[in-house]
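Written below as structure tokens is the structure these notes are about.
Bear in mind these aren't lab numbers, they're just calculated from the coordinates by the rules spelled out. Keep in mind that what you see is a predicted model, and the values were worked out from it rather than measured. Positions of Cβ are generated from backbone atoms using ideal geometry, with glycine treated the same way; all protein chains shown enter the neighbour counts.
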Amino acid sequence: MSHTPGAGLSLDTLAISTGYDPATASGAAKPPIYLSSTFVYPSAQFAKDTHANFFEGAPMPRGEKPGYIYARLSHPNLDMIEARLAAVDHAEASAVFASGMAAMTTVLMANLKPGDSVLYGRPLYGGVDWFLNSHFSQFGIHPVGYTDGVDEAVMRAAAEEALAKGPLGVIHVETPANPTAVISDIALAARIASEVEKKQGRRPLVVVDNTFLGPFLQSPLKHGADLCMTALTKYCGGHSDLLGGGVSGRAELIAPLKTLRTMLGNHCDPYTCWLLLRSFETLPLRTERHCKNAEILAKWLKAHPKVASVTFFGFLAEGSPERAVYERQCSGSGATFSFKIKGGEAESFRFLDRLKLFKYAVSLGGAESLICHPATTTHYQIERARREAVGIDDSTMRVSIGLEHPDDLIADMAQALEAI
Ligand SMILES: Cc1ncc(COP(=O)(O)O)c(C=O)c1O
């Protein structure tokens, strides 16, 4: 049988046992991949009832399970991964998309309308930053950024600035933020949303991008987020071999995302859903090892004379507001963080070109360690002044520490830092 949340099982177990019941597929221990674009109705009445259920939420007669219609609306492998993601995110429901950007842009399009403002933390993943600041402005949506997601006064002032431009529809919190890995306080964003609701009569949705930590290190919905978005491409997929994005939350917030997804056609395909379902089984184990390796590397880098600074949750100062948020909100530091070398672009490039084990590539969360130079890659489209204001300069590196032996990773870093 497929186990459901609430049965007293731990997240580790739910990551393996939710979403698929072998009894539905001839006892196959692992699910088939349902490669079918369309689904046959057993009767005309069943077809009508299934459509009424999908489009209007009408209950099926006699409590029957609705059928599938067409793979763009949903398909069996999508249902499986959505059930598993919802379980580990402590959510009522989830929607899974073709990529993290597909998920994020659908959330924004479904919840913002012309004239609205949107509040977002900076720095921010470059794609979402571009979407908010370059694309959305054409539709009369006003993005307002804030740079300290832990400071109540800063957040409140940013919310006032947003409200002056239009009704605040969404507060978008990426924590840790890409690429520097700075922290934001999810509960604070939820409090600000409640204050704004009193002023404008509509509650802005608090949307948290949980990509850097994932469901085993941070549960945004437990801290007051309305929606939790995760680029499944990263740690959840875990092998740098797929693209996917998931959104979890209350069923009433997920349903409109699925309707919009149907029209945009940006759902996750059966094979990728199958890969993701398998990847979730090892996610708790991988998360643990990623974190262990990252802590070793971060400590080693911090002590290196050619490294100017390391931004890693584990180093947040005792007694600081950031540390308090970390202790309340996260159960580990994650394995993607940033550091600055002593030097500029030329020194950075010399260092990067000498690495042998670390692969120089964008992305994160795979079994292999990756490194990139955000200023000239992931955040290339963000103008220099805006980038530098949030700490992304020519000396900044972002690393995603993989599952290799940490001694080998240290040896590689050591020989490459010699090039500076
Ligand atoms: C924090 C964060 N959010 C969203 C995305 C977008 O995910 P995807 O590449 O799957 O579209 C990324 C990609 O790097 C990311 O780092």
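Number of residues in the stretch 81-138 that are away from the ligand (no atom under 15 Å from the Cβ) and in a strand (DSSP E or B): the value is 5.
Residues in the stretch 207-216 that are under 8 Å from the mean Cα position of the chain (by Cα) and either assigned to a strand (DSSP E or B) or charged (D, E, K, R) (or both): Val208, Asp209. Inspection of the stretch 217-227 identifies no residue that is in a loop (DSSP other than H, G, I, E, B), in contact with an Asp or Glu (Cβ under 8 Å, 6 or more places away or on another chain), within 16 Å of the ligand (Cβ to nearest atom) and more than 30 Å from Ile69 (Cα to Cα). For Tyr271, are the conditions met, namely being in contact with a Leu (Cβ under 7 Å, 6 or more places away or on another chain) and in a helix (DSSP H, G or I)? Spelling it out, it is not the case that Tyr271 is in contact with a Leu (Cβ under 7 Å, 6 or more places away or on another chain) and in a helix (DSSP H, G or I).
One residue stands out in the stretch 372-407 among those that are aliphatic (A, V, I, L, M), more than 19 Å from the chain's Cα centre (by Cα) and within 16 Å of the ligand (Cβ to nearest atom): the one that is surrounded by the most Cβ atoms within 10 Å (Cβ to Cβ), namely Ile392.
Per-residue answers, yes or no, for (1) in contact with a Ser or Thr (Cβ under 6 Å, 6 or more places away or on another chain); (2) more than 19 Å from Lys30 (Cα to Cα):
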residue: Gly237; (1), (2): yes, no
residue: Gly244; (1), (2): yes, yes
residue: Val247; (1), (2): no, yes
residue: Glu252; (1), (2): no, yes
residue: Lys258; (1), (2): no, yes
residue: Leu264; (1), (2): no, yes
residue: His267; (1), (2): no, yes
residue: Trp274; (1), (2): no, no
residue: Leu283; (1), (2): no, no
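Against the numbered list (1) out of contact with any Leu (no Cβ under 8 Å at 6 or more places or on another chain); (2) away from the ligand (no atom under 13 Å from the Cβ), Ile183 comes up short only at (1). Within the stretch 39-79, restricting attention to residues that are of a type in the set (D, E, K, R) and either surrounded by 16 or more Cβ atoms within 10 Å (Cβ to Cβ) or assigned to a loop (DSSP other than H, G, I, E, B) (or both), the residue that is nearest to the chain's Cα centre (by Cα) is Asp79.
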